[in-house]
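Data block below; observations after.
Every number here is computed from the coordinates shown, using simple stated rules; none is lab data. Keep in mind that this is a model prediction, so the values were computed, not measured. Don't worry about glycine lacking a Cβ; one is built from the backbone with ideal geometry, like all the others, and counts go over all protein chains shown.
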Amino acid sequence: MPRPVEGTSHYNAGLDGIRAIAVLGVIAYHLGLGWASGGLLGVGVFFVLSGYLITDLLVAALRKEGARSFGQFWLRRARRLLPALFVMLLVTVTWSTLFDRAQLPSLRSDLLPAIFYFSNWWYVFHHVSYFAQDGPPAVLGHLWSLAIEEQFYLLWPLVLLGTLRWVRDRRVVIGGILVLAAASAAEMALLYVPFTDPTRVYDGTDTRAFELLIGAALALAWPRGRVLGPITPRARTVLDAAGGAALAGILVLYWQTGQYDAFVYRGGMVLLSLLSAVLIAVCVHPAARVGHALGVGPLRWVGERSYGMYLWSLPIIVLTTPQGTHGSLLRDTLQVAGIFGAAALSWHFVEQPVRHGAIGRLLAQWRERWRSRQLATILPSTHSWAVSGVGLVALLICALGLSGVISGTSAPSEALRSIVPPLRHRIDPSTTTTHPTAGTPHGGGTTTTTNATTTTTTTAVAPPGQGVTVIGDSIMVDAAPYIEQMLPGVVVDAQIGQQLTQVQAQVPQLKARGDIGNRVIIELGTNGYFSTTQLERLLRSLGPMKRIVLVNTRETRPWEQAVNQTIDTVARSYPGATLVNWYGISAGTPQYFEPDGVHLNPQGAKYYASLLVHALEAPSPSSSPPPGGPGRGRLPLSRGNRS
């Protein structure tokens, strides 16, 4: 924690070391480093520490000034948090407007929730996943945690004041807080559904409150300013052993867990919170050597600037990482350097000056000059003109980007590629002229054009794709142009990041538009698990079908095998269903994939499309794959029970 401005609060350098451990874990997770798959738990360490420090400050302030101290508390929080946040938002939107306009649509929707600290619920209610994102990640997606902390800062002082006024026994208060923490942790465990996207329980204020509350309970039981007598060498050894074990446990959780591990949501975060509380309790003890070790210069430097590092980490990583690329040591190193540099600049030029009253002094100076009629000196000084000018230009660029005057589309990124069609559209053969070529599986109807009338006539033959509906996620976005070429008249409903629950909610609209035919191809599972019951419910809601083609997935995430098992089970039992075993067919074919091993390059997308069309028309499960595919011995189809 930064040294207190007032100089009246106790400062423990070891707590800054804990903040460093937390933020470095989060940065490692954002970089996708395999040895830090659980680095997202660093946010939990932050929460416990925030609950501890804020409660400790509030209790001390209430003891001295009572409820009158709340105004100053909220003002200090605003000075601490808002200026750095606003600068980061200004720079991020400006950069995206100039260099990465693909980010603008998400920035337009996410900016106000970020400013007013309700990002976490915005993402929950709009089904924006912190984890399962196959398009460009939300550049402000990490601000969900700041929203939870700010909600805590607003509500907790009122709750604490009322509780301490009515309940004099501090042990009762601590017990009540721990009961609330247990209820929050139980809610997380009950709401979590294995193999599904955990954003609801991960982002929810209610399901993450236990971490803040555990820190709050510790502050009441073990405040920083507690006067302690000398301890024996043996007791000191026990204290250090407890702190060392807690730190080791946190690092092991960073290393051995991941965002989709059921253990994380059913006890793992509680364990992390308890370990964090033990480490904090040890560090605030003046005799503990662990606290001194964590308070060494480099860790203290990182900890003091941890807020800025957290703010800048995801924007810098997202905006400087080409989509669909693997991490590289050089790029990771440069990104970490950028995060450290941005945080250092923010600390020196924004956070520290504002914390020490720079804005108040400037306003007071302007008021004094206005009263004394020194109008010329009210304007920025010469050396400030450049900064003011840059700021005004940046604000103008942001306004243009956010207003929609500048399009939210730019040159296609590697993630979207030039072959990406609109997300939901119909190819209408009555308005599209097709020219059959030797390599085209389907030529559509014959077309004639006369120069005199410039009219186009087609034969009465129905287009091959009439009555076919294709539903999928980003993998289907890759293949859509080739499916449309092979099946003119097809209806494609493909969207980056799409999950089965979203499709289920859209079925009534698809039916109302007439976009559901009597043959359907469904490719889902790249972004999260779904159960057999959920998939069967979706198929029933589509109505009677002549043919259902289900495609399994090749994905690097933990639910891959579970979702493929679900698809296989439904394909074997659901009437009219056929399985395209993309997982098996694509084994050992890196030439079909982008560097991430999941998304398709043009060669792979074309072959993938031919597989699906072949499955749609194949008369029997013994049909061989189209030519040009993977090696012999892999059958792409397995037909379900027709009974």
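Counted over all Cα-Cα pairs of the stretch 47-156, pairs farther apart than 22 Å make up 42 percent. Take the Kirkwood radius over Cα pairs of the stretch 94-172, plug it into Stokes-Einstein at 20 °C and 1.002 mPa s, and you get 145 µm²/s for translational diffusion. Rounded to the nearest 0.05, what FRET efficiency do residue 178 and residue 234 have when you use their Cβ-Cβ distance and R0 = 35 Å? That gives a FRET efficiency of 0.75. One quarter of the convex hull surface built on the alpha carbon atoms of the stretch 475-624 amounts to 8.5 nm², the projected area averaged over directions.
With the biggest extent put first, the Cα atoms of the stretch 132-271 measure 57, 40, 28 Å across the principal axes. Here the extension length gained between residue 390 and residue 292 equals 31.0 nm, from 0.36 nm per residue of separation less the Cα-Cα distance. Rounded to the nearest Å, what's the spacing between the alpha carbon centres of the stretch 509-563 and the stretch 63-98? Just the number, please. The stretch 509-563 and the stretch 63-98 have Cα centres spaced 45 Å from each other. Note on residue 511: lysines with a C-alpha under 25 Å away, same-chain residues under 8 apart excluded, are 546.
Annotation: the residues 95, 144, sorted from fewest to most other C-beta atoms within 10 Å of their own C-beta, follow the order 95, 144. Under the simplified labelling scheme, the residue 164-residue 252 pair shows an inter-label distance of 3.7 nm, with each label point 7 Å from Cα along Cα→Cβ. Under a 5 Å amide H cut-off, with hydrogens placed 1.01 Å from N, residue 600 pairs with 594 among residues at least 5 apart or on other chains.
Taking Cα centre as origin and charging only the Cβ of basic (Lys, Arg, +1) and acidic (Asp, Glu, -1) residues, the dipole magnitude of the stretch 112-261 rounds to 940 debye. Overall, the stretch 153-200 carries a charge dipole of about 320 debye about its Cα centre when +1 sits on the Cβ of Lys and Arg and -1 on the Cβ of Asp and Glu, all other atoms neutral. In this simple spin-label model, placing a label point 7 Å from the Cα along the Cα-to-Cβ direction at both residue 90 and residue 190 gives a separation of 4.7 nm. Candidates 190, 153, 218 compared by Cα position along the dipole of the stretch 147-224: farthest toward the positive end lies 218, with charges placed on Cβ. Cβ-to-Cβ counts within 10 Å put 356, 599 in ascending order as 356, 599, the fewest first.
Counting charges near residue 233 (Lys, Arg +1; Asp, Glu -1) among other residues having Cβ under 14 Å from its Cβ returns a value of +2. Cβ crowding within 10 Å, taken as a proxy for footprinting-reagent exposure, orders 236, 554, 547 from fewest neighbours to most as 236, 547, 554.
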